[in-house]
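Notes to accompany the following structure.
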Amino acid sequence: MTPKPSPASPGADTSGDSYLPAHGNGGYSVRHYDLELDYRLVSNRLSGRARIHCVATQPLSGLTLDLAGLRVGRVFVNGVPARFSRALHKLRIRPARSLPDGAEFLVEVRYTGNPAPLGGEWGDIGWDELTDGALVASQPVGAPSWFPCNDHPADKATYRVSITTSSPYTVLVTGDPVSRSRSASTTTWVYERREPTSTYLMSVQIGRYEDLELGSGGVPQRAAVPPRLRALAALDLGRHPQIMDTLQGFFGPYPFAEYVLVVTDDELDDPIEAQGMSIFGANHLDGRRTHERLVVHELAHQWFGNSVSVADWRHIWLNEGFATYAEWLWSEASGGPSAEAHAAQWHAVLASRPADLRLADPGMPRMFDERVYKRGGVLLHALRRELGDFTFFSLLQTWADRYRHGVVRTGDFTALASVHSGRSLDTFFHSWLEDFALPSF
């Protein structure tokens, strides 16, 4: 008897993420986003057409996308009008015809509105207005504030982004510049992100910026800065080529075509992480390199967090612990305190704090707890002591290379470390990752 095909079912409006299940969706994965945006600065008005290339991972009679605060005009699936409805930040779509498992399909969403950041656990996140411009800070859940998406870090896709706005303003998007064309009072900027990228790592920066070249050899590195901050940026970012060379020596080749640092004319609480880009506030420049460690931290995320991305937010230490340890490595390489000194100092600090956090599973409210960052850094230094420098840095380079543009879990790293060491490291990792108590140092 010929088996009957499975009936189509609605795609899940949850990603299954252990911390943020409401962001991201099931039943399909995205291959490519093509975004055409028109942004009016004075009125903060965004009009968009998103063409989303997907593949079904089960039979689908419907699917959901993440989109917040913007009005949807029309939706098409494979060129045919589709019914849709809204519920909170979900856009529910029902195609005219069901989609079989494995089917490639195209969703087109036309939308408009006044983009605003999403409020929540970590403050305002997403598309936000500056005093004179706009920025996008999406980690971890801000991407739906400006485009419909499958908002989960594991569903990485490529992008083409076209943005039209007032000509006096520079537009920077996380991607390689493709074209720029002026028409009357507006200019259209086109960028392509060819490497698989998580939604929260896509960013748009709009402002009155000047270009400042940081490094002409090796990896192209440049900064986009307000004219009044150019001199400070030249001083504070002056060692960036050496930082890049140093981190490549530790972690292997930089994983993208170029690196752009944006400095806004406004102050920011914290730097913003994006794919091939970092964003700093005017307050992060002072002419004394006071915040250089943050410059190092954000660059390190290009390897750990951006190219090698977490499959679930529970594994956030793989991003933040590695970037923290990069700060200490640069300190040592540039003549500052050694990584050993930083690790010992922070071990003492952590030992004085409550032992109520497990690094492998800190819990959603503590995803960005300082202890996740610092205990992750101390763990890596303890592992360096355990393995010796040659094996440890070989492990880091293999980690960055093997999972380049992929997604990972904590178990992938612990398994690879055991392979490199030639012995089981289960006891070591259990004490650092699973136990509440801080291991001795």
Any residue at all in the stretch 296-311 that's in contact with a Phe, Trp or Tyr (Cβ under 7 Å, 6 or more places away or on another chain) and assigned to a loop (DSSP other than H, G, I, E, B)? yes
So which residues in the stretch 328-338 are surrounded by fewer than 21 Cβ atoms within 10 Å (Cβ to Cβ) and either touching a helix residue (DSSP H, G or I) at 6+ places or on another chain (Cβ under 9 Å) or within 14 Å of LYS374 (Cβ to Cβ) (or both), if there are any at all? SER331, GLU332, ALA333, SER334, GLY336, PRO337, SER338
Condition first: under 16 Å from THR158 (Cβ atoms) and in a loop (DSSP other than H, G, I, E, B). Now tell me which residues in the stretch 28-56 satisfy that. none
Which of the following residues is assigned by TED's automatic domain parsing to the domain that holds ASP151, in contact with a helix residue (DSSP H, G or I) (Cβ under 8 Å, 6 or more places away or on another chain) and among the small types (Gly, Ala, Ser): ALA87, ALA82, ALA68? ALA68
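Conditions (1) charged (D, E, K, R); (2) touching a strand residue (DSSP E or B) at 6+ places or on another chain (Cβ under 7 Å); (3) not in a loop (DSSP other than H, G, I, E, B), marked per residue:
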site	(1), (2), (3)
GLU320	yes, no, yes
GLY335	no, no, no
VAL372	no, no, yes
GLY376	no, no, yes
Based on this model, can you work out whether PHE393 counts as touching a residue at least 24 places away in the same chain (Cβ under 8 Å) and surrounded by 20 or more Cβ atoms within 10 Å (Cβ to Cβ)? no
Exactly one of THR158, THR188, THR199, THR112 is in contact (Cβ under 8 Å) with a residue 24 or more places away in the chain, within 18 Å of ASP34 (Cα to Cα) and surrounded by 23 or more Cβ atoms within 10 Å (Cβ to Cβ), and that residue is THR199
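May I ask you to say which residue of SER166, SER181, SER216 is among the polar types (S, T, N, Q) and under 27 Å from LEU237 (Cα atoms)? Spell out how you get there, then give the answer.
Values: SER166 fails: under 27 Å from LEU237 (Cα atoms); SER181 fails: under 27 Å from LEU237 (Cα atoms).
From the options SER166, SER181, SER216, the qualifying one is SER216.
Conditions (1) among the hydrophobic types (A, V, I, L, M, F, W, C); (2) at pLDDT below 95, marked per residue:
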| site | (1), (2) |
| --- | --- |
| VAL75 | yes, no |
| LEU88 | yes, yes |
| LEU99 | yes, no |
| TYR111 | no, no |
| PRO115 | no, no |
| LEU118 | yes, yes |
| ASP132 | no, no |
| SER145 | no, no |
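Select, from VAL136, VAL171, the only residue that is over 30 Å from ARG314 (Cβ atoms) and within 22 Å of the chain's Cα centre (by Cα). Please lay out each step first, then the result.
Details: VAL136 fails: over 30 Å from ARG314 (Cβ atoms).
Matching residue, one of VAL136, VAL171: VAL171.
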VAL75 meets each of (1) surrounded by 15 or more Cβ atoms within 10 Å (Cβ to Cβ); (2) within 16 Å of PHE147 (Cβ to Cβ); (3) under 27 Å from the mean Cα position of the chain (by Cα) with one exception, condition (3)
Residue tally, condition in contact with a Phe, Trp or Tyr (Cβ under 6 Å, 6 or more places away or on another chain) and either aliphatic (A, V, I, L, M) or closer than 22 Å to LEU20 by Cβ (or both), over the stretch 368-382: 5
What tally of residues in the stretch 90-104 results from selecting those that are free of Cβ contacts under 8 Å to residues at least 60 places away in the same chain and buried (at least 19 other Cβ atoms within 10 Å of the Cβ)? 3
All conditions in (1) assigned to a helix (DSSP H, G or I); (2) in contact with a helix residue (DSSP H, G or I) (Cβ under 9 Å, 6 or more places away or on another chain); (3) assigned by TED's automatic domain parsing to the domain that holds VAL263; (4) surrounded by fewer than 18 Cβ atoms within 10 Å (Cβ to Cβ) are true of ARG288 except (1)
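Mind counting the residues in the stretch 245-266 that are assigned to a helix (DSSP H, G or I) and surrounded by fewer than 20 Cβ atoms within 10 Å (Cβ to Cβ)?
So the first thing to find is which residues in the stretch 245-266 are assigned to a helix (DSSP H, G or I), and the list is 245-251.
With the extra rule that they be surrounded by fewer than 20 Cβ atoms within 10 Å (Cβ to Cβ), the set shrinks to 245-246, 248-250.
The qualifying residues number 5.
The values are calculated or read from the model by the stated rules, or taken from the named source; none is laboratory data. Keep in mind that this is a model prediction, so the values were computed, not measured. Virtual Cβ from ideal backbone geometry, glycine too; neighbours counted across all protein chains shown.
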